[in-house]
Amino acid sequence: MGGTGTVLRELRGAQKTAKGVSLYSRHVNRPLGRLFAAGAFRMGLTPNQVTLISALFTFASIASVALSRPSWELGAMVYAGLVIGFALDSADGQLARLTGRGGPDGEWLDHVVDCAKMILVHTGVLISFWRFFDLPSEGWLLLPPGFLFAAVLTFCAGLLREQLGRAAGRSEAGGGAPGRISRVRAVALLPADYGVFCLVFLLLGDQTAFRLGYAALGAVHALFLALFLVKWFRELRAFRAPD
């Protein structure tokens, strides 16, 4: 296929639509994933291998949260590991589209890793709260399970919305005309973006700042969950065949 520049150009033409994607994913995660995908292609890696490397970075970072005393240095390392893992999560799909080597097994593995990531990252925070934090009250230990509930339910409900929409012949995930991209929506989705969530770990050097930042993001995700559930239910209801 030629040099790295040629591979990058091919990858730019193998991107998913930007509709319904936050600014972070569009302008940071996907371009970084494109670089990783080009490197993986040059190394002869398969999309599934890239997925597993993504899991390695992500799970190692989460384990560090659970097992190490919070510090500014730890926060920087965790953030870097999570961001690299997230970009590699984008790279596997880009590589699959570039090489035509994607399949149901790869999509399944990608979703399994994504679900495990959501469960473990909040579990890691819960363990860190219990082991290392001087919490004002034990009630704070309920925050990570609540955040976990919102994240996993949003993920599962979104997947079901997509699959049921496809089954009904209506795969368009968002409203409006096909191909139409809303910058306002891209900005509004930033607080719910996993890449933005990773920023909170940069606050690990200050227990209060991390706790409050994590709580604020948890509240935002709970709000987005409620909004998404109403939106997806209405969309699926509209797919019903006329009586």
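The values are calculated or read from the model by the stated rules, or taken from the named source; none is laboratory data. As the structure is a prediction and not an experimental result, all values here were calculated from the model. Methodologically, a virtual Cβ is constructed for each residue, glycine included, from the backbone with ideal geometry; neighbour enumeration extends over all protein chains shown. We work out accessible area using only protein heavy atoms, side chains counted, and drop any ligands, DNA or RNA first. Shrake-Rupley method; radii C 1.70, N 1.55, O 1.52, S 1.80 Å.
Odds and ends about this structure:
- Of the labelled figures (1) 62, 45, 35; (2) 53, 41, 29; (3) 55, 51, 32, only one reflects Cα extents along the principal axes in Å as derived from the coordinates, namely (3).
- The stretch 89-243: relative contact order in percent, alpha carbon pairs under 8 Å with at least 6 residues between: 25
- Projected label distance in nm at Phe239 and Asp206, using a 7 Å step from Cα toward the beta-carbon: 4.5
- Average accessible area per residue (Å²) across the chain - probe 1.4 Å, nucleic acids and ligands excluded: 53
- Charge dipole of the chain (Cα centre as origin; +1 on each Lys and Arg Cβ, -1 on each Asp and Glu Cβ, all else neutral): 900 debye, rounded to the nearest 20.
- For Leu160 and Ile127, the FRET efficiency from 1/(1 + (r/R0)^6), where r spans their Cβ atoms and R0 equals 35 Å, is about 0.75.
- Ranking by accessible area, most exposed first, for Phe133, Phe36 with a 1.4 Å probe: Phe36, Phe133
- Ordering Leu98, Ala216, Gly44 by the projection of their Cα atoms onto the charge dipole of the chain, which places +1 on the Cβ of Lys and Arg and -1 on the Cβ of Asp and Glu, puts Leu98 at the extreme positive end.
- Each part gets one Cα centre, and for the stretch 20-58 versus the stretch 140-154 those centres are 27 Å apart.
- Here's the picture: charge each Lys and Arg Cβ at +1 and each Asp and Glu Cβ at -1 in the stretch 69-178, and of Gly158, Gly75, His111 the one pushed furthest to the positive end of that dipole is Gly158.
- Taking the chain as a Gaussian network of alpha-carbon nodes connected by springs under 10 Å, the highest mean-square fluctuation of the residues Ala168, Ala66, Ala37 belongs to Ala168.
- Choice from Ser22, Ser68, Ser137 showing the highest fluctuation, given a GNM over the chain with Cα pairs closer than 10 Å: Ser137
- Taken about its Cα centre, the stretch 83-134 carries a charge dipole of about 80 debye when Lys and Arg each add +1 at the Cβ and Asp and Glu each add -1 at the Cβ.
- Accessible surface, 1.4 Å probe, highest first, among residues Glu138, Glu73, Glu235, Glu107: Glu138, Glu73, Glu107, Glu235
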